[in-house]
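Colleague: First the structure, then my questions, so here it is.
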Amino acid sequence: MNYISTRNKQLNLDFGSIFLRGLAPDGGLFLPEKIKKFSKDELNKLGKLKYNELATEIISIFCYPNLDKNKVKSIVEKAYSNFEISDVVEMKKIDDINLLELYHGPTLAFKDIAMQVLGLMYSELGLNQKTINIVVATSGDTGSAAIAALRDKKNINLFVLHPHKKISNIQRKIMTTCDSNNIFNIAVKGNFDDCQNIVKQMFNDEQFREKINMSGVNSINWARIICQIVYYFYAYFKISSKVNFSVPTGNFGDVYAGYIAKKMGLPVDKLIVATNENDILCRVINSGEYRPSKVKPSLSPSMDIQVASNFERLLFDVLSNDDQKVAKSMQNLKENGFFKLEKDELKKIRENFSAEKINDADTLRVIKDFFINYGFILDPHTATALGAAYKVKNNSKTVVLGTAHPYKFLETIKLAIGKNVVPPKQFSDLSKKIEKFEIIDNKLEDLKKYIREKI
Ligand SMILES: *Cc1c(COP(=O)(O)O)cnc(C)c1O
């Protein structure tokens, strides 16, 4: 499989290279040159597979020839052996709601599903390399998932940047109580977009990147997207008729994986983008103008993002694969703070996506009502997706993605239903553990200095 960049179609790299690089040399995002479309027959066959088998089939398409199918099979089996349920994910029918629980991995959020696989891919693809230094920005869940996947790995250091005081206490504790000496937690005095921006700047600094042999596991890494495609297929096969997916969205990685599943032939009607008050994606889908504003802290902190990086991948499609037009839009964004889509471009987006904003008050109400009606506790991110699904109606054909376990946001749950969430057993002693993290100013140079000192 050949890979190109959203800003340069001539680029021709293999999976191994784009996996380790993360971000394209021109600042664009990597995309496969072609996407395989399954026939009806092939879909029928896929529908009979167990989760791990399905994951092997789908993921291996994108990794060939760097990882063959047998290799992918052993990676998948190992990656998911430490999930709480053998099928990795679980579809629950609660009244007429189809809830797809994606949070049964080691750090209780859907980020584990891709990150556990990525951790093992590093061991395979980075074998003959000198020490790899991975730098990742997190809005709360990516960091812990990356730590769980990469702790104690040989020849790998992991630097995790989270926005200081802007993630939940449990999210922070799960990350900062890891005592492996290849893990470095950094609280940046800023918001998630600041963290993401610093990481992007470091990637674009050729000299520094080469010097530290830097790699990235943010959702701009294509390998994360391919692991997330799998559960859209899995969910569809449980329902077996054309579905909508409602997806709590921040960086546009998860819902974009659903879009790729649709491009691969999965009968998906609408992808519903659920946002909180940070509604840039809602605005662009409803008006065509992509204009980041200031990040507002919300009850669903993993979605407190204004620069939805993966949107650039959709843009490449919408602009009919015109790499120069993508580069120009991104240039406009940088210089003028926005870009605008033409009518026909917006139409292409609306054929596949709709968007709803769910504010904090709505989120609390959804959690409370769902608990009263069904005795089931939703996390605040999942609640935005359910709130969005209610607005769009047609519940029975909509799958709501459950992206985190409510325990991670117990303060918010307490606020909504007046009850504590019982910690899952692997976290029962979390409060006794010692936290370790460094607080750093929102400055590129300070972070570079910190990293140079540690490696
Ligand atoms: C990361 C995250 C999201 C948003 O996913 P994106 O791929 O960034 O759009 C939603 N919910 C939870 C719990 C998350 O951790």
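Colleague: Relative contact order for the chain: what percent, with Cα pairs under 8 Å and sequence separation of 6 or more?
Modeller: Numbers: 881 pairs, mean separation 84.6, N = 455.
The normalised contact order for the chain reaches 19 percent.
Colleague: PRE reach from residue 372 (point 7 Å along Cα→Cβ): which of the stretch 389-431 fall under 12 Å by backbone N?
Modeller: Hits in the stretch 389-431 for residue 372 at 12 Å: 417.
Colleague: Could I ask something else about it? In bins 5 Å wide, starting from 0, what share of all Cα pairs of the stretch 60-135 does each bin hold, as a percent?
Modeller: Final binned percentages: 3, 14, 20, 19, 17, 13, 7, 4, 2, 1, 0.
Colleague: Here's another thing I want to ask about it. Roughly to the nearest percent, how much of the accessible area of the stretch 141-242 is carbon and sulfur, given a 1.4 Å probe? Intermediate values should be presented prior to the final figure.
Modeller: Working: 1290 of 3340 Å².
Answer for the stretch 141-242 is 39 percent, counting heavy atoms of protein chains only.
Colleague: Could you work out how far the C-alpha centroid of the stretch 29-68 sits from that of the stretch 150-169, in angstrom?
Modeller: 30
Colleague: Kirkwood hydrodynamic radius for the chain: how many Å is it when counted over pairs of different Cα atoms? Numbers along the way, then the final one.
Modeller: Values: mean 1/r = 0.0456 Å⁻¹.
With all distinct Cα pairs of the chain included, I get 21.9 Å.
Colleague: So, one more: For the stretch 191-249, report the accessible area per residue in Å² (1.4 Å probe, heavy atoms, rounded to an integer). Kindly include the intermediate steps, with their values, before the conclusion.
Modeller: Numbers: 1680 Å² over 59 residues.
Solvent-accessible surface per residue comes out at 29 Å².
Colleague: Give me the one-decimal nm value for the distance between modelled label points at residue 50 and residue 452, 7 Å along each residue's Cα-to-Cβ direction.
Modeller: A separation of 5.1 nm, rounded to one decimal place.
Colleague: Restrict the search to the stretch 233-320; then list the trypsin sites (Lys or Arg not before Pro) that DSSP places in a loop and that have at most 12 other Cβ atoms within 10 Å of their Cβ. Don't skip to the answer; put the middle values down first.
Modeller: Working: sites: 238, 242, 262, 263, 270, 283, 294, 313; in loops: 242, 294.
Passing both the DSSP loop test and the Cβ count: 242, 294.
Colleague: Can you give the charge dipole size of the stretch 303-455 about its Cα centre, rounded to the nearest 20 debye, using +1 on the beta carbon of Lys and Arg and -1 on the beta carbon of Asp and Glu?
Modeller: Details: 27 positive and 23 negative charges, 78 e Å.
Charge dipole, the stretch 303-455, about its Cα centre: 380 debye, nearest 20.
Colleague: I want to check the label-to-label distance for residue 239 and residue 2. Put each point 7 Å from Cα in the C-beta direction and report it in nm to one decimal.
Modeller: Placing both labels 7 Å along Cα→Cβ, they lie 3.7 nm apart.
Colleague: Per 0.36 nm of contour for each residue apart, how much would the distance between residue 34 and residue 96 grow if the chain were fully extended, relative to their Cα-Cα spacing?
Modeller: Values: separation 62, 0.36 × 62 = 22.32 nm, distance 3.70 nm.
Length gained, residue 34 through residue 96: 18.6 nm.
Colleague: Note the full-extension length gain between residue 14 and residue 181 as 0.36 nm times their separation in residues minus their Cα-Cα distance, in nm to one decimal.
Modeller: Values: separation 167, 0.36 × 167 = 60.12 nm, distance 3.18 nm.
Extending this stretch completely gives an extra 56.9 nm.
Colleague: Considering only the other residues whose Cβ falls under 15 Å of the Cβ of residue 400, what net charge follows from Lys and Arg at +1 and Asp and Glu at -1? Mind dumping the intermediate values first?
Modeller: Details: positive: 92, 93, 238, 270, 391, 393, 397; negative: 90, 95, 96, 101, 254, 269, 356, 362, 369, 379.
For residues surrounding residue 400, the net value is -3.
Colleague: State the percentage of accessible surface on the stretch 307-442 attributable to carbon and sulfur atoms; use a 1.4 Å probe and exclude ligands, DNA and RNA. Kindly include the intermediate steps, with their values, before the conclusion.
Modeller: Working: 3410 of 6730 Å².
Carbon and sulfur atoms account for 51 percent of the accessible area of the stretch 307-442.
Colleague: May I pose another question? Per residue of the chain, what 222 nm ellipticity follows from adding -39500 (n - 2.57) for every DSSP H run with n ≥ 4, rounded to the nearest 500?
Modeller: It lands at -13500 deg cm²/dmol.
Colleague: Determine the relative contact order of the stretch 101-197: mean sequence separation of Cα pairs under 8 Å and six or more apart, normalised by residue count, in whole percent. Working shown, then result.
Modeller: On the way: 152 pairs, mean separation 26.9, N = 97.
After rounding, I find 28 percent.
Colleague: Per residue, how many Å² of accessible area does the stretch 1-92 show with a 1.4 Å probe?
Modeller: Values: 4620 Å² over 92 residues.
Result: 50 Å² per residue.
Colleague: Can you tell me the accessible area per residue over the stretch 373-445, all protein chains present, probe 1.4 angstrom, in square angstrom? Before the final figure, lay out each step's value.
Modeller: Details: 3650 Å² over 73 residues.
Accessible surface, normalised per residue, equals 50 Å².
Colleague: Roughly what would the spin-label model give for residue 70 and residue 328, points 7 Å off Cα along C-beta, in nm?
Modeller: Each label point is offset 7 Å from its Cα along the Cβ direction, giving 5.0 nm.
Colleague: Sketch the reach of a paramagnetic label on residue 335 as a point 7 Å from Cα along Cα-to-Cβ, and name the residues of the stretch 281-316 whose backbone nitrogen lies under 18 Å away.
Modeller: Counting only backbone N, you get 290-292.
Colleague: Please give the Cα centre distance for the stretch 407-455 versus the stretch 96-142, rounded to the nearest Å.
Modeller: Taking the Cα centre of each part, the stretch 407-455 and the stretch 96-142 sit 17 Å apart.
The values are calculated or read from the model by the stated rules, or taken from the named source; none is laboratory data. Values in this document were obtained by computation on a predicted structure and should not be read as measured data. Using ideal geometry, Cβ is built from the backbone for each residue, glycine included, and neighbour counts are taken over all protein chains shown. To get the accessible areas, we keep the full protein, side chains included, count just its heavy atoms, and leave off ligands, DNA and RNA. Shrake-Rupley method; radii C 1.70, N 1.55, O 1.52, S 1.80 Å.
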